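The values are calculated or read from the model by the stated rules, or taken from the named source; none is laboratory data. Since we're looking at a predicted model, the values are computed, not measured. Using ideal geometry, Cβ is built from the backbone for each residue, glycine included, and neighbour counts are taken over all protein chains shown.
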C-alpha cells in the first residue's frame, strides 16, 4: 500500500499523470453570435439572461438577422436597441423584458417586422402610437397595464394585421368598437382584460369569421370555436 502511494506521488510530481484538459464553456449567446457571423444562421434566440451591453455588441453582426428573441435581460435601455431598425430583414421580434415607451419608439422604426411579441411591456398609449407605421405587421402579441382603449384605434389601423393577442391590457367594450371594421383580423386572443360577453358578442357580430378567445375560452357564438390553432403557429 505504501509503495503504491509513493509511486502515485512520484508520478504527480514528475507530471506523468495526465490531467483532464480544462474546457472553457461557450455560452449560448457566443455560440449563436458566432453562427450569425459565419452565415450559418439568420436568428438569435436566447433563453439565458443577457445584458444591454451584449445587445449593443450584436449591432455589427445584425445585417442578416431575421429573427430575434430575448427571454431574459437585465438593464436594457433604449440606447441598447438603437441598431434594430438597421436590420433590413428583421421580421420576427420577441422581447420578454419590460419594454418602455422609449424602446417602442425604436421598434416602431423596424419596417420589416411581421411578428412582434412583447408579453411583459410597461409602455403606454404613447408607445403603442409608435407602431402605427408598421405596415407589414401580421401578428401583434403584447401585455402592458398602461395601455388603454385609445391604442385599439392604432391597432385597427395596421393594414396587414391578422393575429392579435392582448395580455392583461385593461381595454373595455368601448375600445373593442375600433376593431369592428377590421375585416382582415382572423384571430383575437384576450387574457385578463375588462371586456364583457356583450362586448365580445358585438365584435363577433361585426366580424363573424373572427376566431376569438377570452381567457382561453370561446363564446358559444364563435363560428371558429372548433379551430384551436395558436396564432403564432398560423403566422409562421
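As a summary of the residue check, residue 132 satisfies the conditions (1) under 23 Å from residue 190 (Cβ atoms); (2) surrounded by fewer than 16 Cβ atoms within 10 Å (Cβ to Cβ); (3) out of contact with any helix residue (DSSP H, G or I) (no Cβ under 9 Å at 6 or more places or on another chain) except for the one numbered (3).
If only residues of segment 173-201 that are in contact with a helix residue (DSSP H, G or I) (Cβ under 7 Å, 6 or more places away or on another chain) and part of a helix (DSSP H, G or I) are counted, the one that is farthest from residue 146 (Cα to Cα) is 198.
Residue 70 satisfies every condition listed in (1) assigned by TED's automatic domain parsing to the domain that holds residue 57; (2) more than 13 Å from the chain's Cα centre (by Cα); (3) modelled with pLDDT of 95 or more except (2). Checked against (1) free of Cβ contacts under 8 Å to residues at least 60 places away in the same chain; (2) buried (at least 18 other Cβ atoms within 10 Å of the Cβ); (3) in contact with a strand residue (DSSP E or B) (Cβ under 8 Å, 6 or more places away or on another chain), residue 151 meets all criteria but (3). I'd like the full set of residues that are assigned to a helix (DSSP H, G or I) and either in contact (Cβ under 8 Å) with a residue 60 or more places away in the chain or crowded, with 16+ Cβ neighbours inside 10 Å (or both), limited to segment 66-101. Correct list: 78, 80, 81, 84, 85, 101.
Filter segment 37-56 down to the residues that are outside any loop (DSSP other than H, G, I, E, B) and either in contact with a strand residue (DSSP E or B) (Cβ under 9 Å, 6 or more places away or on another chain) or closer than 23 Å to residue 137 by Cβ (or both) and list them by number. Result: 43, 44, 45, 46, 47, 48, 49, 50, 51, 52, 54, 55.
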